[in-house]
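The values are calculated or read from the model by the stated rules, or taken from the named source; none is laboratory data. Bear in mind that the values here come from a model prediction, so they are computed numbers and not experimental data. Counting neighbours? That spans all protein chains shown, and the Cβs are built from the backbone with ideal geometry, glycine included. Quick note on the areas: whole protein, heavy atoms, side chains included, nothing else; ligands and nucleic acids left out. Shrake-Rupley method; radii C 1.70, N 1.55, O 1.52, S 1.80 Å.
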Amino acid sequence: MGTANVICIKWGTLFGPEYVNRLYSGARRNLSDEVRFFCMTEHRDGLHPSIEVLDLPEEPFQAEMDAALAVANRQGAMRKVSLFRPGLIPDLDGPLLGFDLDVVITGPLDDILHHAPGKVAMRADWVEARRGRATGHGSVFRFDPALHAWLYETLAADPRGEVEKARGSEQRYTSTLAQERDAFAYLPPEQVVSFKHGCLRLPPMNYLAEPRLPDNARVVCFHGRPKMSEALEGYHGSVIRHMRPCSWLREHWIERARDDLGGAWG
């Protein structure tokens, strides 16, 4: 048995430690290998003791990057680049599978972890794809620090230029740079799905049945509204954006994590 390396980043207070703990539980329940789970954060309190905590750094180019992000109206939107720092985990062996915190793992992850070895792998962004743009979505990403140090080094060398080129979007920066270097692959779209675009039902069924969970979905991403906490209880944003409470989200995100880790960590 090998080791599956999983990583996330949590800064600020928007997401509590339970989001990290539930993500950790979902990863270790859905990967065949033993899971080594990392969280980069400035807030360690409440994290499960098996999670390896990485200090959130102040990058040497942070001020210049933040100034460019302010112009792009995307303050703080590229903190994830710190995960790409060469030597971040000195004893790391193999690629890293990364997640945003507003996702729920609903199925086996081995295919995603091992998809297109040697490439930076992301799911196609739902909105950008409709506009004919080849941008990857950053909710799920797989990269290999031994091969892809340029994800950090390129931004570090010209933070203002790269932020402007990417229009303040970390996922556009990452996917575009990897494509330029012929080192990019899309994750299977049926395995990484959007709750908003792939699970919500249209009227009138959204009033009659809970959101669907697609058969082959491994990760469900909650970008925009409803938030995960809203989807648990039901949500009404409009006639189209109405939904009943989502029982499978409660099962995969909360109940299984509590069974796996114990109630104190879920």
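Candidates in the stretch 22-49 are the residues that are in contact with a helix residue (DSSP H, G or I) (Cβ under 6 Å, 6 or more places away or on another chain) and part of a loop (DSSP other than H, G, I, E, B); of these, the one that is most open to solvent (accessible area, probe 1.4 Å) is Ser32.
The residues of the stretch 72-85 that are at pLDDT 95 or above and either open to solvent by 40 Å² or more (accessible area, probe 1.4 Å) or in a strand (DSSP E or B) (or both) amount to a single one, Arg85.
Here Val239 clears all of (1) buried (at least 18 other Cβ atoms within 10 Å of the Cβ); (2) modelled with pLDDT under 95; (3) of a type in the set (A, V, I, L, M, F, W, C) except the condition numbered (1). For the stretch 224-236, the set of residues classified as under 16 Å from Glu210 (Cβ atoms), open to solvent by 20 Å² or more (accessible area, probe 1.4 Å) and in a loop (DSSP other than H, G, I, E, B) consists of Gly234 only. The residue pairs whose first member lies in the stretch 196-207 and is of a type outside the set (D, E, K, R), whose second member is open to solvent by 60 Å² or more (accessible area, probe 1.4 Å) and modelled with pLDDT of 95 or more, and whose beta carbons are closer than 6 Å, counting only pairs six or more residues apart or on different chains, are Cys199/Arg212.
Which one is nearest to Val192 (Cα to Cα), of the residues in the stretch 209-266 that are aliphatic (A, V, I, L, M) and free of Cβ contacts under 8 Å to residues at least 24 places away in the same chain?
Residues of the stretch 209-266 that are aliphatic (A, V, I, L, M), as a first pass: 209, 213, 217, 219-220, 228, 231-232, 239-240, 243, 249, 254, 257, 261, 264.
Within this subset, residues satisfying the condition of being free of Cβ contacts under 8 Å to residues at least 24 places away in the same chain are 232, 264.
Working: Leu232: 20, Ala264: 29 Å.
Residue satisfying both the conditions and the ranking: Leu232.
Report, by residue number, each residue of the stretch 88-112 that is in a loop (DSSP other than H, G, I, E, B), surrounded by fewer than 16 Cβ atoms within 10 Å (Cβ to Cβ) and in contact (Cβ under 8 Å) with a residue 24 or more places away in the chain.
At the first step, the residues of the stretch 88-112 found to be in a loop (DSSP other than H, G, I, E, B) are 88-95, 100-102, 106-109.
Next, from what is left, pick out any that are surrounded by fewer than 16 Cβ atoms within 10 Å (Cβ to Cβ): 90-91, 93, 108.
If the condition is that a residue be in a loop (DSSP other than H, G, I, E, B), surrounded by fewer than 16 Cβ atoms within 10 Å (Cβ to Cβ) and in contact (Cβ under 8 Å) with a residue 24 or more places away in the chain, then Asp93, Pro108 are the ones that fit.
Just so you know, in the stretch 50-66 the residues that are in a helix (DSSP H, G or I) and in contact with a helix residue (DSSP H, G or I) (Cβ under 7 Å, 6 or more places away or on another chain) include one that is most open to solvent (accessible area, probe 1.4 Å), and it is Glu64. Somewhere in the stretch 29-43, is a residue free of Cβ contacts under 8 Å to residues at least 40 places away in the same chain and among the small types (Gly, Ala, Ser)? No.
For the stretch 113-148, give me each residue that is part of a loop (DSSP other than H, G, I, E, B) and touching a helix residue (DSSP H, G or I) at 6+ places or on another chain (Cβ under 9 Å). Residues satisfying the conditions are Lys119, Asp125, Arg133, Ala134, Thr135, Pro145, His148.
Scan the stretch 113-155 for residues that are of a type in the set (Val, Ile, Thr), surrounded by fewer than 23 Cβ atoms within 10 Å (Cβ to Cβ) and either within 13 Å of the chain's Cα centre (by Cα) or under 29 Å from Glu18 (Cβ atoms) (or both) and the total you get is 1.
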